[in-house]
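First up is the structure itself, then whatever we jot down about it.
The values are calculated or read from the model by the stated rules, or taken from the named source; none is laboratory data. A quick note: this is a predicted structure, and the numbers were derived from the prediction, not measured. Cβ: placed from backbone, ideal geometry, glycine included. Neighbour counts: every protein chain shown.
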Amino acid sequence: MSKERRNHHVLDTKWKLISFNNSDNNFNISQSDIYQLFAYGYKYLNGGDMMLIYPKHHQFEIPLECFYLAEELRLWAIPFCIETDKVVIGEWVERFPSLSKA
């Protein structure tokens, strides 16, 4: 990783089903997954954007609003469509410009 840390992000894929309808329970995102990304972001980014990528399905078709884990540390939950082999575009593209061109 470069000293400037420009264009560096932490991304993690999960093959669990989360649900847009379960906002009271962090959309079924496990607390351990959130802690894991917080630790990675704190250690490797010192502020910035991270992404959890989950399979797209009927209860998770659009990206969630970002979670603010710290003042400058944001976590995005993004659906990945297995049929098209692409992530679903949303507000996150402004934070991950190199990924949105793929």
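One line per residue, one yes/no per condition, for (1) under 29 Å from T84 (Cβ atoms); (2) in contact with a Leu (Cβ under 9 Å, 6 or more places away or on another chain); (3) modelled with pLDDT under 90:
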| site | (1), (2), (3) |
| --- | --- |
| R5 | no, yes, yes |
| T13 | yes, yes, no |
| I18 | yes, yes, no |
| D24 | no, no, yes |
| K56 | yes, no, no |
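With the requirement that a residue be of a type outside the set (A, V, I, L, M, F, W, C) and touching a helix residue (DSSP H, G or I) at 6+ places or on another chain (Cβ under 8 Å), what does the range 48-85 give you?
Just the residues of the range 48-85 that are of a type outside the set (A, V, I, L, M, F, W, C), to begin with: 48-49, 54-59, 61, 63, 65, 68, 71-72, 74, 79, 83-85.
Residues satisfying the conditions are G48, D49, P63, E65.
Table: residues versus (1) touching a strand residue (DSSP E or B) at 6+ places or on another chain (Cβ under 8 Å); (2) without any contact (Cβ under 8 Å) to a residue 40 or more places away in the chain.
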| site | (1), (2) |
| --- | --- |
| Y54 | yes, no |
| I62 | yes, no |
| W76 | yes, yes |
| D85 | no, yes |
| I89 | no, yes |
| W92 | yes, no |
| R95 | yes, no |
(message) Take residues that are loosely packed, with under 13 Cβ neighbours inside 10 Å and tell me which of the strands (runs of 3 or more DSSP E) falling wholly in the range 14-82 contain 1 or more.
(response) 67-70
(message) Can you find, within the range 83-102, the residue that is modelled with the lowest pLDDT among those that are more than 19 Å from K14 (Cα to Cα) and outside any loop (DSSP other than H, G, I, E, B)?
(response) S100
